[in-house]
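The values are calculated or read from the model by the stated rules, or taken from the named source; none is laboratory data. On a predicted model such as this, the values are computed, not experimentally measured, just so you know. For neighbour counting, all protein chains shown are included, and Cβ atoms are generated from backbone atoms with ideal geometry for every residue, glycine included. Areas reflect the complete protein model, heavy atoms only, side chains present, ligands, DNA and RNA absent. Shrake-Rupley method; radii C 1.70, N 1.55, O 1.52, S 1.80 Å.
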Amino acid sequence: MQVGVYIGGCLKINSLSDVKLHKIFSQDLLDNISNNLNHIKMLPLFLELGYDVEDFQDDYYLDKGKNEDFHLLQKGFCFDSYKGLVYLDKAIDCYIGIYFSAKACPNKSFDYSKFYADLKNIDMHLFVILENYFEDWLKYDYTDKFGSYQDITYNFMSILKSWCEDKIIISVGEV
């Protein structure tokens with residue numbers, strides 16, 4: 001069923017609009033976000049067709065809050081007294097990626113509350129930005145011809161761009 005929602009392309013176009021945004025959004029991350037956002041809209045349709053939620057994703061039984069790269073987040077968001085706020089691009093990428101993976105997890109037996117608390121402790125402002133975008137996505141009705149996923153994505157990227165402004169974002173090779 002084609003509904004004309006190209007969230008992956010929209011994310012990609014918006015991430016190219018700023019050097020810092022482009023630096024933190026790898027192609028893998030863009031694919032991850034797009035996939036998870038699409039799954040959120042597809043799951044109800046899947047269930048309406050009579051399928052079992054356990055069959056929706058291959059990684060249904062994988063706890064998304066148990067990410068082996070979580071230690072990268074704790075070390076990749078730091079303050080350098082000489083430079084100011086310094087962030088590793090891969091740490092931001094990882095933070096955003098695991099946030100959306102956990103939010104889109106259809107397995108309700110996992111309790112992500114501690115995981116979300118840990119993400120908030122790492123960077124509360126980034127967490128709120130992601131939460132707001134996620135909530136906007138949940139409210140977005142792809143069947144409403146007046147709704148615009150482009151607008152909510154543009155707004156998300158604009159706010160994320162502002163978040164990046166006072167930060168020094170470096171790649172591992174720049175350390």
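Of the residues that sit in the stretch 104-134 and are outside any helix (DSSP H, G or I) and among the hydroxyl-bearing types (Ser, Thr, Tyr), which one is least open to solvent (accessible area, probe 1.4 Å)? Looking at the filtered set, the residue picked out is TYR112. For the stretch 135-149, the set of residues classified as surrounded by 15 or more Cβ atoms within 10 Å (Cβ to Cβ) and part of a helix (DSSP H, G or I) consists of ASP136, TRP137, TYR149, listed by residue number. Taken together, the residues in the stretch 90-130 that are closer than 20 Å to HIS39 by Cα and in contact with a Phe, Trp or Tyr (Cβ under 6 Å, 6 or more places away or on another chain) amount to 5.
Return yes when LEU138 is within 15 Å of the chain's Cα centre (by Cα) and at pLDDT below 95 and no when it is not.
Working: within 15 Å of the chain's Cα centre (by Cα): yes; at pLDDT below 95: yes.
Taking the combined requirement at face value, the residue satisfies it.
Reported count of residues in the stretch 153-172, each being surrounded by fewer than 16 Cβ atoms within 10 Å (Cβ to Cβ), polar (S, T, N, Q) and under 18 Å from the mean Cα position of the chain (by Cα), is 3. Here TRP163 clears all of (1) part of a loop (DSSP other than H, G, I, E, B); (2) touching a His at 6+ places or on another chain (Cβ under 8 Å); (3) not β-branched (Val, Ile, Thr) except the condition numbered (1).
Would you mind stating whether ASP52 is more than 23 Å from ASN132 (Cβ to Cβ), open to solvent by 60 Å² or more (accessible area, probe 1.4 Å) and either more than 17 Å from the chain's Cα centre (by Cα) or at pLDDT below 85 (or both)?
On the way: more than 23 Å from ASN132 (Cβ to Cβ): yes; open to solvent by 60 Å² or more (accessible area, probe 1.4 Å): yes; either more than 17 Å from the chain's Cα centre (by Cα) or at pLDDT below 85 (or both): yes.
Yes, satisfied.
Taking each residue of the stretch 62-76 that is open to solvent by less than 30 Å² (accessible area, probe 1.4 Å) and looking for partners that are in a loop (DSSP other than H, G, I, E, B) and at pLDDT 75 or above with beta-carbon atoms closer than 6 Å, six or more apart or interchain, yields LYS64/CYS105; GLY65/TYR112. Within the stretch 26-39, residues that are without any contact (Cβ under 8 Å) to a residue 60 or more places away in the chain and among the hydrophobic types (A, V, I, L, M, F, W, C) reach partners that are in a helix (DSSP H, G or I) and open to solvent by less than 10 Å² (accessible area, probe 1.4 Å) with beta carbons closer than 6 Å, at six or more positions or on different chains, in the pairs LEU30/LEU11. Screening CYS10 with (1) open to solvent by 60 Å² or more (accessible area, probe 1.4 Å); (2) modelled with pLDDT of 85 or more gives one miss only, at (1).
Looking at the stretch 21-49, which of its residues are at pLDDT 85 or above and over 14 Å from the mean Cα position of the chain (by Cα)?
Keep residues of the stretch 21-49 that are at pLDDT 85 or above, which gives 21-42.
The answer is HIS22, LYS23, LYS41, MET42.
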